[in-house]
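Colleague: Mind looking over this structure? Questions follow.
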Amino acid sequence: GRELLMIPGPIEFEPEVLQAMGIPTQSHLAPDFIETFGNSLELMREVWKSPEGQPFIVAGTGTLAMDMAAANLIEQGDRVLVISTGYFGDRFKDIMDRYGAETTILEAPIGEVVSLEAIENELKNRPYKALTFTHVDTSTGILVDPAPIAQLARQYETLSILDGVCSVAGEEIKQDEWGLDIVLTGSQKAIGVPPGLALLVASQKAIEVWGKRKTPVSNYYADWHNWLPIMKGYEERRPSYFGTPAVNLIVALETSLKIISKEGMNERVKRHQKLAKAFRTGISSLNLTILPKTTQSAANTLSAVYYPKGMDSGSFLSKIAHNNVIIAGGLLSEIKTEYFRIGHMGSVSANDLLAVLGALERVLLELGHDIDSGKCLQAFQNELLEIN
Ligand code: PMP
């Protein structure tokens with residue numbers, strides 16, 4: 001049967017986006033493609049809410065976007081504060097260390113966020129060139145409120161770098177209003193394009209700081225010296241070349257960004273919030289518990305859920321897969337076999353989540369768990385219809 005891909009990226013893509021991938025590949029210098037690239041850069045500003053920002057579209061993954069932020073902004077010996085709410089927060093420390101940064105990491109306990117007090121204490125303690133944080137950590141399903149952290153960064157003259165891989169185009173982001181210096185993502189998540197594009201928007205301040213570097217960027221591919229003229233060129237509808245762009249993926253990106261723009265970012269965020277809330281209601285009706293300790297810190301793009309006690313995680317996931325629903329296992333090494341993850345971002349609909357809840361319920365009943373058939377579906381429906 002037809003499988004429903006419900007992992008937290010890659011996700012189910014819109015048919016129009018997939019069809020766009022299949023058009024005959026144009027020259028990267030063809031007038032139509034220049035228009036597509038230029039439109040995509042402009043539409044990114046809309047999604048990021050960053051009319052002032054400088055967008056970058058580069059072939060690669062979300063990790064390349066993280067690498068690009070670090071390579072361009074960090075010099076040997078710069079101090080960086082890494083705020084971590086899981087596996088991807090920790091990854092930023094590895095990346096920063098690679099560029100010779102002096103890093104301090106603030107790690108949240110599993111299921112929690114790092115307090116603003118802890119962040120401010122650290123910023124008070126000594127000057128930091130930059131801080132990094134993860135909007136939604138895909139390993140824990142933890143959502144962080146970026147606004148007050150960006151505010152602290154500004155107050156202490158620190159650049160703010162937000163990993164938005166699991167949030168951009170799904171969670172609320174106001175890059176300019178909040179004063180975020182970097183917001184980055186990959187194509188395969190809520191942006192809704194198959195894997196292969198690194199997407200990043202830099203503030204004018206970030207570009208200035210980069211422009212005043214004392215040492216050259218030590219990563220050749222990620223260096224903004226190579227990419228900034230290309231992005232400006234395409235936006236001014238001039239043919240430009242540094243490295244061959246991922247033509248078909250960018251055609252798909254424009255298609256998806258147009259779909260997003262048509263829905264409207266505010267509506268899109270509301271849809272994610274509404275579906276996520278109803279899904280959590282369904283999950284708790286299955287007597288299951290989510291990782292985040294408060295609903296305020298529960299992501300709207302994915303849910304991380306603990307198995308019932310004593311569950312064999314491998315056989316649970318394969319039983320779900322036999323029901324044609326593909327979900328993900330745990331990622332955090334300490335508790336890898338104790339929880340699973342479900343993506344609900346991008347084109348996700350109520351129908352998709354009913355299918356997931358139905359499959360979870362069937363498998364739990366099959367395994368002899370004491371739950372009422374249909375209860376989680378009813379709870380989900382009622383939440384969506386706001387019958388409480
Ligand atoms: N950050 C977060 C929050 C992510 O979810 C991911 C991917 N799961 C990454 C970074 C890395 O992105 P990629 O796998 O595209 O390199």
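The values are calculated or read from the model by the stated rules, or taken from the named source; none is laboratory data. Since this is a predicted model, take the numbers as computed values, not measurements. As a convention, Cβ positions derive from the backbone with ideal geometry for all residues, glycine included, and neighbour counts pool all protein chains shown.
Colleague: Name every residue in region 350-388 that is at positive phi and small (Gly, Ala, Ser), in order of residue number.
Modeller: Step one: filter region 350-388 for residues at positive phi, giving 368, 374, 386.
Across region 350-388, the qualifying residues are Gly368, Gly374.
Colleague: While we're looking at this one, here's another question. Search region 176-218 for residues being β-branched (Val, Ile, Thr) and either within 16 Å of the ligand (Cβ to nearest atom) or assigned to a loop (DSSP other than H, G, I, E, B) (or both), and hand back the single one that is nearest to Asn266 (Cα to Cα). Outline the logic, then answer.
Modeller: Start the filter on region 176-218 by keeping residues that are β-branched (Val, Ile, Thr), which leaves 182-183, 185, 191, 193, 201, 207, 209, 215, 217.
If we keep only those that are either within 16 Å of the ligand (Cβ to nearest atom) or assigned to a loop (DSSP other than H, G, I, E, B) (or both) too, we end up with 182-183, 185, 191, 193, 201, 215, 217.
Numbers: Ile182: 21, Val183: 18, Thr185: 19, Ile191: 14, Val193: 20, Val201: 19, Thr215: 41, Val217: 37 Å.
Here the answer is Ile191.
Colleague: Consider only pairs whose beta carbons are under 9 Å apart and that are at least six residues apart or on different chains; among these, list those whose first residue lies in region 153-173 and is on the phi > 0 side of the Ramachandran plot and whose second residue is away from the ligand (no atom under 11 Å from the Cβ) and of a type in the set (Ser, Thr, Tyr).
Modeller: These pairs meet every condition: Glu157/Tyr128; Ala169/Ser256.
Colleague: Which one of the conditions (1) away from the ligand (no atom under 14 Å from the Cβ); (2) under 22 Å from Lys212 (Cβ atoms); (3) in contact with a Phe, Trp or Tyr (Cβ under 9 Å, 6 or more places away or on another chain) does Gly53 fail to meet, given that it meets all the rest?
Modeller: So the condition that Gly53 fails would be (3).
Colleague: Of all residues being within 30 Å of Ser115 (Cβ to Cβ) and assigned to a strand (DSSP E or B) in region 30-82, which is farthest from the chain's Cα centre (by Cα)? Just the residue, please.
Modeller: Arg79
Colleague: Could you check region 102-175 for strands (runs of 3 or more DSSP E) lying wholly inside it with 2 or more residues that are surrounded by 24 or more Cβ atoms within 10 Å (Cβ to Cβ)? Lay out the reasoning, then the answer.
Modeller: Values: elements: 102-107, 130-134, 159-163.
Result: 130-134, 159-163.
Colleague: For the structure I just gave you, tell me whether Ala108 is among the small types (Gly, Ala, Ser), away from the ligand (no atom under 15 Å from the Cβ) and either in the same structural domain as Tyr306 (by TED's automatic domain parsing) or modelled with pLDDT of 95 or more (or both).
Modeller: Criteria not met by Ala108.
Colleague: Here is a further query. Hey, among the residues in region 350-363 that are of a type outside the set (A, V, I, L, M) and touching a residue at least 40 places away in the same chain (Cβ under 8 Å), which one's farthest from Gly186 (Cα to Cα)? Can you show your working first?
Modeller: Initial filter on region 350-363 (of a type outside the set (A, V, I, L, M)): 351-352, 358, 361-362.
If we keep only those that are touching a residue at least 40 places away in the same chain (Cβ under 8 Å) as well, we get 352, 361.
Values: Asp352: 23, Glu361: 32 Å.
The qualifying residue farthest from Gly186 (Cα to Cα) is Glu361.
Colleague: Okay, moving on. Considering only helices (runs of 4 or more DSSP H) fully contained in region 270-386, which possess at least 1 residues that are among the acidic types (Asp, Glu)? Talk me through it step by step, then tell me what you get.
Modeller: Values: elements: 313-322, 350-366, 375-384.
Hits in region 270-386: 350-366, 375-384.
Colleague: Separate question: Please go through region 1-11 and pick out each residue that is more than 16 Å from the ligand (Cβ to nearest atom) and at pLDDT 95 or above. Spell out how you get there, then give the answer.
Modeller: First pass over region 1-11, keeping only residues more than 16 Å from the ligand (Cβ to nearest atom): 1-4.
Within region 1-11, Glu3, Leu4 qualify.
Colleague: I would also like to ask the following. Residues that are in a loop (DSSP other than H, G, I, E, B), touching a helix residue (DSSP H, G or I) at 6+ places or on another chain (Cβ under 7 Å) and within 16 Å of the ligand (Cβ to nearest atom): does region 237-249 have at least one?
Modeller: There is no residue in region 237-249 that is in a loop (DSSP other than H, G, I, E, B), touching a helix residue (DSSP H, G or I) at 6+ places or on another chain (Cβ under 7 Å) and within 16 Å of the ligand (Cβ to nearest atom).
Colleague: In addition: For region 334-351, what are the residues that are crowded, with 21+ Cβ neighbours inside 10 Å and either of a type in the set (Ser, Thr, Tyr) or in contact with a Leu (Cβ under 8 Å, 6 or more places away or on another chain) (or both)?
Modeller: Tyr339, Phe340, Arg341, Ile342, Gly343, His344, Met345, Val348
Residues checked against (1) small (Gly, Ala, Ser); (2) touching a His at 6+ places or on another chain (Cβ under 9 Å):
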residue: Pro15; (1), (2): no, no
residue: Ala30; (1), (2): yes, no
residue: Ile34; (1), (2): no, yes
residue: Asn39; (1), (2): no, no
residue: Gln54; (1), (2): no, no
residue: Val80; (1), (2): no, no
residue: Tyr87; (1), (2): no, no
residue: Lys93; (1), (2): no, no
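Colleague: Would you confirm whether any residue within region 90-105 is at pLDDT 95 or above, under 30 Å from Gly264 (Cβ atoms), of a type in the set (D, E, K, R) and under 18 Å from the mean Cα position of the chain (by Cα)?
Modeller: So far as region 90-105 goes, no, none of its residues is at pLDDT 95 or above, under 30 Å from Gly264 (Cβ atoms), of a type in the set (D, E, K, R) and under 18 Å from the mean Cα position of the chain (by Cα).
Colleague: Check off (1) assigned by TED's automatic domain parsing to the domain that holds Glu52; (2) within 16 Å of the ligand (Cβ to nearest atom); (3) over 23 Å from Leu43 (Cβ atoms); (4) of a type outside the set (A, V, I, L, M) for Pro292 and give me the number that stays unchecked.
Modeller: Tallying (1) assigned by TED's automatic domain parsing to the domain that holds Glu52; (2) within 16 Å of the ligand (Cβ to nearest atom); (3) over 23 Å from Leu43 (Cβ atoms); (4) of a type outside the set (A, V, I, L, M), Pro292 fails exactly one: (1).
Colleague: Can you tell me which residue is surrounded by the most Cβ atoms within 10 Å (Cβ to Cβ) among those in region 176-208 that are farther than 21 Å from Val114 by Cβ and of a type in the set (Asp, Glu)?
Modeller: Taking region 176-208 first, the residues farther than 21 Å from Val114 by Cβ are 176-177, 185-208.
Subsequent filtering for residues that are of a type in the set (Asp, Glu) retains 176-177, 208.
Details: Asp176: 16, Glu177: 11, Glu208: 10.
So the residue we want is Asp176.
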